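The values are calculated or read from the model by the stated rules, or taken from the named source; none is laboratory data. None of these values were measured; they are calculated from a predicted model. When we count neighbours, we look across all protein chains shown, and the Cβ atoms used for this are built from the backbone with ideal geometry, even at glycine. Keep in mind that these areas ignore ligands, DNA and RNA; they rest on the heavy atoms of the full protein, side chains included. Shrake-Rupley method; radii C 1.70, N 1.55, O 1.52, S 1.80 Å.
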Amino acid sequence: MKRYLMTPGPTPVPEKIALAMAAPIIHHRTKEYIDLHEKVREKLKKIFQTQNDIVIFASSGTGAMEASVSNILSENDKALVVEAGKFGERFSQLVSSFGAQAIILKKEYGDFANAQEIEDYVKKYSPKAIYMQACETSTGVFHPIDEIGKMLKEKYPEVVFVVDGITAVGCIDIKTDEWGIDILLTGSQKAFMLPPGLAMLSISEKAKKIAAQNKNKRYYFDILGELNAQAGHFTPAVTLVLGLNAAVDMMLEEGLGNVFKRHEFLAKAVKAAILAMDLELFAKRPSNSLTAVKAPQSIDSKQIIDIMNKFGVSISNGQGSMKGKIFRIAHLGYFYPPDVILTIGTLEIALKKLGIDKLGVGTKKALEIFVEY
């Protein structure tokens, strides 16, 4: 059966990128690889919209999350963590694991944190750093990191602003330098259209100075160690970096503005289709990278997912306390209008089989949106 991967990571890998990774392996201490590594880092600056240094780790995105904690926080330092889903909770766990104090700004799943709330917490607790997601993958929420970053840059420039952009970088317009983001991190298996295995982050000069003074234990995820070593301190994931080079080229050839516009239209079509089918969006401030939808009353979201899987279309369940209550449709990376139309149509089939007849309703709405594309 032909499979359609519509999950928020891993996402589909284009043929061009797969072929780049099929090239013969090269040694990572040769000039050929060293030149490739540096070229990719420079190209990534354009995607991150930054002049800051880029670090590439051979790990999942959580490796970059850990690096952002262990390199910035020392024991007993205070860090403000926004918890609005599973991955905000992961930041809290990381902060505590390294002996720092996690001050938690708790939001319900589906909700977001605003700049005033962040400022209130900063005034009250004077944290050394702030950790939050751009897009909370478990809920589909996009936090207003532009407003938060600009507020911190203007009023609290000493605070290190760390943003998990794993499901945001490369599909949503994030202006790292303009918004004062000190560390922005992401992973390879999302908008970068690669298999899992690479974590990338940008780091500001302010954060580098703090990392140089930080006494916390770290070895593999040593940001300055990676920057000071030629083409990385340890053995890099050479094949994935070859694919990353091809991926970044694809994105830059399309043009960042066009990449962002495509994701905006995909998100608009999915959300309009969902609402036309009388379903309810879960996120109060939805992201352009994925859409979380409340399962209809008396239906477990796994029932919908299982039926769609039988037709070859894979979407994701909710996570944590939302498992069985929501389902998530991704549209970040190598996705185009036909992928959305097929997915919405398959969702309509699944609902029909579960007693909810919306055949053609959501598909028609998505088609109307794409006529404007």
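Of note:
- In the range 221-330, counting only helices (runs of 4 or more DSSP H) that sit wholly within it, the ones holding 3 or more residues that are in contact with a strand residue (DSSP E or B) (Cβ under 9 Å, 6 or more places away or on another chain), under 20 Å from Ile166 (Cα atoms) and at pLDDT 95 or above span 238-254, 256-276.
- All of (1) open to solvent by less than 50 Å² (accessible area, probe 1.4 Å); (2) touching a residue at least 24 places away in the same chain (Cβ under 8 Å); (3) over 22 Å from the mean Cα position of the chain (by Cα) hold for Gly225 with one exception: (2).
- Close pairs (6 angstrom Cβ cut-off, 6 or more residues apart or separate chains): surrounded by fewer than 24 Cβ atoms within 10 Å (Cβ to Cβ) in the range 52-78, of a type in the set (S, T, N, Q) and outside any loop (DSSP other than H, G, I, E, B) anywhere: Asn52/Ser202; Ile54/Ser202; Lys78/Gln101
- Of Ser202, Ser126, all but one fail to be polar (S, T, N, Q) and open to solvent by 10 Å² or more (accessible area, probe 1.4 Å); the exception is Ser126.
- Scanning the range 70-88 for residues that are out of contact with any strand residue (DSSP E or B) (no Cβ under 8 Å at 6 or more places or on another chain) and of a type in the set (Gly, Ala, Ser), we see that the one that is farthest from Ser138 (Cα to Cα) is Ser74.
- Given (1) open to solvent by less than 40 Å² (accessible area, probe 1.4 Å); (2) polar (S, T, N, Q); (3) in contact with a Leu (Cβ under 9 Å, 6 or more places away or on another chain), number of the condition Asn288 does not satisfy: (1)
- Any hit, the range 157-170, residues being touching a Pro at 6+ places or on another chain (Cβ under 8 Å), of a type in the set (S, T, N, Q), within 20 Å of Lys43 (Cβ to Cβ) and not in a helix (DSSP H, G or I): no
- Within the range 10-57, the residues that satisfy the criterion of being under 24 Å from Val169 (Cβ atoms) and part of a loop (DSSP other than H, G, I, E, B) are Pro10, Thr11, Pro12, Val13, Pro14, Gln49, Thr50, Gln51, Asn52.
- Selection status of Lys215, open to solvent by 40 Å² or more (accessible area, probe 1.4 Å), assigned to a loop (DSSP other than H, G, I, E, B) and not β-branched (Val, Ile, Thr): yes
Residue-by-condition table, conditions (1) under 25 Å from Met251 (Cα atoms); (2) surrounded by 22 or more Cβ atoms within 10 Å (Cβ to Cβ); (3) acidic (Asp, Glu):
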position: Ala267; (1), (2), (3): yes, yes, no
position: Val270; (1), (2), (3): yes, yes, no
position: Glu280; (1), (2), (3): no, no, yes
position: Ala295; (1), (2), (3): no, yes, no
position: Gln303; (1), (2), (3): no, no, no
position: Asn309; (1), (2), (3): no, no, no
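- Glu136 being of a type in the set (D, E, K, R), surrounded by fewer than 18 Cβ atoms within 10 Å (Cβ to Cβ), at pLDDT 95 or above and closer than 19 Å to Trp179 by Cα: no
- Residues satisfying the stated conditions in the range 128-144, i.e. under 17 Å from Glu264 (Cβ atoms) and either β-branched (Val, Ile, Thr) or in a helix (DSSP H, G or I) (or both): Val141
- The sole residue among Leu201, Leu185 that is part of a strand (DSSP E or B), out of contact with any Gly (no Cβ under 8 Å at 6 or more places or on another chain) and aliphatic (A, V, I, L, M) is Leu201.
- Search result, residues across the range 81-127 that are assigned to a helix (DSSP H, G or I), farther than 23 Å from Lys155 by Cα and not charged (D, E, K, R): Phe87, Gly88, Phe91, Ser92, Gln93, Leu94, Val95, Ser96, Ser97
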